[in-house]
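Q: Following this message is one structure expressed as structure tokens.
What follows draws every value from the coordinates through simple rules; no lab data is involved. Being a predicted model, the structure only gives us computed values, none of them experimental. Glycine also receives a Cβ, built like all others from the backbone with ideal geometry; neighbour counts cover every protein chain displayed.
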Amino acid sequence: MTKVYTIGIGGHSCSGKTTITRILKRILKNVVVVHQDDFYKFEDDVPIDKESQLANWDCPEAIDFDRLLDIVIYAKKNDGKLPEGFDSNEENNLHDGSNQLDDETALELRQKLSGFIEKDDYFIIVDGFMLYWDDRIIDELDCKISLKTSYETAKSRREERQGYHTQEGYWIDPPGYFDKIVWPEYLRLREHEKALRELLVIDTDKNSIKQMALMTADKLNKDLL
């Protein structure tokens, strides 16, 4: 019997979510990805931080969780298919390290995940830096993974990025945005995340891309088989 699985890949900005997501998409069959970053609200609806007076794109109130939930549920009911006309800006995001996965590790992953590959199951990967904030989203996930890095690594990676797509255009972090908005919001979200059961947290400072991928495969086997 064909099954539809939902996999959550969470973690703060620039922690390696896209890397793991694209590795899974490369290894598994029948994969669709739902990116939380495609569900930002319109700019006028994004909260303004009272202290810095900067637009706070990194708080839960900046995300349309209702719409995100609708898309995830639709995909689950339709064998991993997304609604007609749904477009993702994040599919064009080139900031990831999935191309660093060597062929030998890819083969090892296929062997580890052969129980899924041999069947025609469907996989919905939901990735996002606030993925584990909304309990309704959490309840839709069969497997939950979160990635983290140090403050120094996250800041360096974030400042190397050109910017982010929004509903109306493109957002570029103003000076000081990481320290004033991004990291404080992550620390707040992390406290919420600590209460989650059966969440695998992977430290991407301490694990190579190969190790991260193999740990993810083991988690899928544990939770889904």
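Q: For the modelled label position 7 Å from the Cα of ASP120 along Cα-to-Cβ, which residues of the stretch 54-86 have backbone nitrogen atoms closer than 20 Å?
A: Residues 75-82 qualify, since their backbone N sits under 20 Å from the label point.
Q: Averaged over every viewing direction, what's the projected area of the C-alpha convex hull for the chain? Give it in nm², one decimal, please.
A: Hull-based average projected area comes out at 12.1 nm².
Q: Right, here's the next one. May I ask you to list the lysines whose Cα is less than 25 Å away from that of LYS119, ignoring any residue fewer than eight positions away on the same chain?
A: Once the sequence-local lysines are set aside, what remains near LYS119 is LYS3, LYS25, LYS29, LYS76, LYS77, LYS81, LYS144, LYS210, LYS219, LYS222.
Q: Calculate for the chain the 222 nm mean residue ellipticity that helices alone would give, adding -39,500 (n - 2.57) per DSSP H run of length 4 or more and normalising by residue count, nearest 500 deg cm²/dmol.
A: The per-residue figure over the chain is -10500 deg cm²/dmol.
Q: Compute the acute angle (0 to 90°) between the alpha-carbon long axis of helix 17-27 and the principal axis of greatest extent of the alpha-carbon atoms of the chain; round to the nearest 10°.
A: 20 degrees
Q: Give the shape of the stretch 28-124 as rounded, prolate or oblate, defined through the alpha-carbon gyration tensor: a ≥ b ≥ c are the square roots of its eigenvalues, a/c under 1.5 means rounded, and otherwise the shape is prolate if a/b is larger than b/c and oblate if not.
A: Oblate, since a/c reaches 1.5 and b/c is not below a/b.
Q: What is the helix-to-structure angle for 209-224, meaning the angle in degrees between its Cα long axis and the longest Cα principal axis of the chain, kept from 0 to 90 and rounded to the nearest 10?
A: The helix 209-224 is inclined about 70 degrees to the chain.
Q: Taking 0.36 nm per residue of sequence separation and subtracting the Cα-Cα distance, how much length would be gained by fully extending the chain between THR2 and ASP135, in nm to one decimal?
A: Extra length from THR2 to ASP135 when fully extended: 45.2 nm.
Q: How big is the gap, in Å, between the Cα center of the stretch 175-190 and the Cα center of the stretch 12-37?
A: Taking the Cα centre of the stretch 12-37 as reference, the centre of the stretch 175-190 is 23 Å away.
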